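Remarks on the structure that follows.
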Amino acid sequence: MKEKTKALALSTGDNVATALVPLEADATVAVDMGRGVEKVKLLSPIPLGHKFALRDLEEGQSVIKYGESIGTATAPIRKGAYVHVHNVRGGKRRGG
Amino acid sequence: MIHFQGYGRSNGKAGTRNHVLVIPSVGCSQGAAQAIVRGMRGAVCLPNILGCGQVGRDRVMLKRTLVGFGISPNVFAVLLVGNGCEQLAPEEIGGAIEPSGKRVEIITIQNEGGTGKTVSRGRKIVKEMIATAARQVREPFPLSELILGTECGGSDYTSGLASNPAVGIACDLLTAEGGTVILSETPELIGAEHIVARRARTPEIGRRILDAVAWWEKEAIAAGQDIREVNPSPGNIEGGITTLEEKSLGCIYKAGSGPVEEFIEYGSSPSQEGLIYMDTPAHDIEQLTGMVAGGSQVVVFTTGRGTPCGSPIAPVIKITANHQTYLGMRDNMDMDVSGILKGKEGVERAGRRIFDEIVSASSGVLMKAEKRGQRDFAIFQAHPNI
């Protein structure tokens, strides 16, 4: 890997990546896509281990990590935006 | 085709180790069994405390587990040490191990006339077994002979992010060679069980996975804990885990991306190749024991915080992506894949390194838990002893 990657997307088709180091807003980061590297400009700071969007997501769209849906976007999410409990809901909580 | 150097067995299987195994058929004979292996290189004893008082499903699992360890290709010969009046008689266990073709001997404390005579007769038998085992040499076997157990414990944010995905790549490389991978820890599936069930080869396999998850969930609720209500925990959310699906997927991802070819009960042997699902607790040692009883000759174990856990008869490869844990627990950690998190090593390359380590460990390279004599053993029980 020539370029130092600062985020990781674990499966092709993932629409979020995970920060491997704390990332600052407005930074353009290299994302390890498994078999390649993609660059994304961040809209907000992303803490270590937290996620940001790799593309624009509509409200109701599945958030894909590990090649699987980990929940649904509860609002539109722009590419490079922070993705967490404020804009994603899981489907597998009891009664929720 | 890639090979490992293993020990051939008369039933066509191949072991990664050549242990003489002493099995106390009941907790009462454990002291004598431990005394028999004391100071003997090449022999190990299972610290079994059960053998009386298990009924129904528990008795079935107990017998299957002890027999599974005896049959394991990692075992050259077996000495069963009983007390003499236990409910699970050593003859019943020995009779089920014998068809595997290996030497099985049985002694009981009541027959031999006390612990002293039992230990001296047992030591004589074990010495002979060790001498015969020492004459056997390793030979090349295809990786299709391997059953790899997968496990994670003492997880932290690095587990789902780096070590588990890297192990997943290694698992895909192994199944591509015709090898078998066991995924287990049913309580860890909760929240992502629909995803694993969807990956099942048949609807029946998928249904059994969902039923197993429902059983564990019900048991946890009966014990006072609703797993779906407490997960992801505030600590998980702080660490970046957003949903329960995400948390469970981080664990499941370590077994690779293949379809689930079979669902098996605790301690059972797979009858298919590829990715197999075994219903076990998430309890590290009970899970490890179940997979090894099912025929796993080698195990990969990812950890974030660090764990010393090891099997009496199988190499357990300890992998962490937490560099501080690797440095702080060098006594226990076999592999450091923290380069993934520093952007220094791609997850694919780390996966290949793990795959190579599986082949090395299977060919005789000792892992840290073996070097330290860490021989953990505990059999899952669904109900109290009677």
**Request:** Have a look at A:Gly49, A:Gly71, A:Gly36, A:Gly90 and point out the one that is under 25 Å from B:Gly168 (Cα atoms), loosely packed, with under 14 Cβ neighbours inside 10 Å, of a type outside the set (A, V, I, L, M) and within 13 Å of chain B (Cβ to nearest Cβ).
**Result:** A:Gly36
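Mind listing whichever residues of segment B:301-320 are of a type in the set (A, V, I, L, M, F, W, C) and under 30 Å from B:Ala77 (Cβ atoms)?
First, the residues of segment B:301-320 that are of a type in the set (A, V, I, L, M, F, W, C): B:301, B:309, B:313-314, B:316-317, B:319.
Scanning segment B:301-320 gives B:Phe301, B:Cys309, B:Ile313, B:Ala314, B:Val316, B:Ile317.
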**Request:** Among the residues of segment B:197-215, write down those that are in a helix (DSSP H, G or I), within 11 Å of chain A (Cβ to nearest Cβ) and more than 23 Å from B:Ile285 (Cβ to Cβ).
**Result:** B:Arg198
**Prompt:** Residues in segment B:179-195: is at least one small (Gly, Ala, Ser), assigned to a helix (DSSP H, G or I) and either under 30 Å from A:Pro47 (Cβ atoms) or modelled with pLDDT of 95 or more (or both)?
**Reply:** no
**Request:** Scan the helices (runs of 4 or more DSSP H) fully inside segment B:1-115 and keep the ones with 2 or more residues being over 21 Å from the mean Cα position of the chain (by Cα) and of a type in the set (A, V, I, L, M, F, W, C).
**Result:** B:30-37
**Message:** Among the numbered criteria (1) more than 21 Å from B:Ser311 (Cβ to Cβ); (2) without any contact (Cβ under 8 Å) to a residue 60 or more places away in the chain; (3) of a type in the set (Gly, Ala, Ser); (4) buried (at least 17 other Cβ atoms within 10 Å of the Cβ), which one does B:Gly70 miss?
**Reply:** (1)
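Select from segment B:133-159 the residues that are part of a helix (DSSP H, G or I) and either touching a Cys at 6+ places or on another chain (Cβ under 7 Å) or charged (D, E, K, R) (or both) and list them in ascending order.
Within segment B:133-159, the first condition is being part of a helix (DSSP H, G or I), and the residues that meet it are B:133-134, B:143-145, B:157-159.
Passing the criteria: B:Glu145, B:Ser159.
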**Asked** For segment A:15-24, does any single residue satisfy the condition of being touching a helix residue (DSSP H, G or I) at 6+ places or on another chain (Cβ under 9 Å), within 12 Å of chain B (Cβ to nearest Cβ), under 21 Å from B:Gly239 (Cβ atoms) and not acidic (Asp, Glu)?
**Response** yes
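Among strands (runs of 3 or more DSSP E) lying entirely in segment B:248-327, which contain 2 or more residues that are surrounded by 24 or more Cβ atoms within 10 Å (Cβ to Cβ) and modelled with pLDDT of 95 or more? Walk me through how you get there before you give the answer.
Working: elements: B:260-264, B:274-278, B:298-303, B:316-320.
The strands (runs of 3 or more DSSP E) meeting that bar are B:274-278, B:298-303, B:316-320.
Among B:Ala192, B:Ala162, B:Ala170, B:Ala214, which is the only one that is of a type in the set (Gly, Ala, Ser) and surrounded by fewer than 24 Cβ atoms within 10 Å (Cβ to Cβ)? Give the steps one after another, and end with the answer.
Values: B:Ala192 fails: surrounded by fewer than 24 Cβ atoms within 10 Å (Cβ to Cβ); B:Ala162 fails: surrounded by fewer than 24 Cβ atoms within 10 Å (Cβ to Cβ); B:Ala170 fails: surrounded by fewer than 24 Cβ atoms within 10 Å (Cβ to Cβ).
Result of the check over B:Ala192, B:Ala162, B:Ala170, B:Ala214: B:Ala214.
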**Prompt:** In segment B:153-169, how many residues are more than 14 Å from chain A (Cβ to nearest Cβ) and at negative phi?
**Reply:** 1
**Request:** Write out, first by first residue and then by second, each pair whose Cβ atoms fall under 9 Å of each other, whose residues are 6+ apart or on separate chains, and whose first residue, in segment B:46-57, is more than 22 Å from B:Gln34 (Cα to Cα) while the second is basic (Lys, Arg) and modelled with pLDDT of 95 or more.
**Result:** B:Gln54/B:Lys63
**Message:** One residue is enough: does segment B:152-168 have a residue meeting the conditions of a type in the set (A, V, I, L, M), over 21 Å from the mean Cα position of the chain (by Cα) and closer than 27 Å to B:Val75 by Cα?
**Reply:** no
**Message:** Just to verify a result, which residue in segment B:216-271, among those that are more than 7 Å from chain A (Cβ to nearest Cβ) and acidic (Asp, Glu), is farthest from the chain's Cα centre (by Cα)?
**Reply:** B:Glu238
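The values are calculated or read from the model by the stated rules, or taken from the named source; none is laboratory data. These numbers come from a predicted model, not from an experiment. All Cβ positions, even for glycine, are placed from backbone atoms using ideal geometry, and neighbour counts span all protein chains on display.
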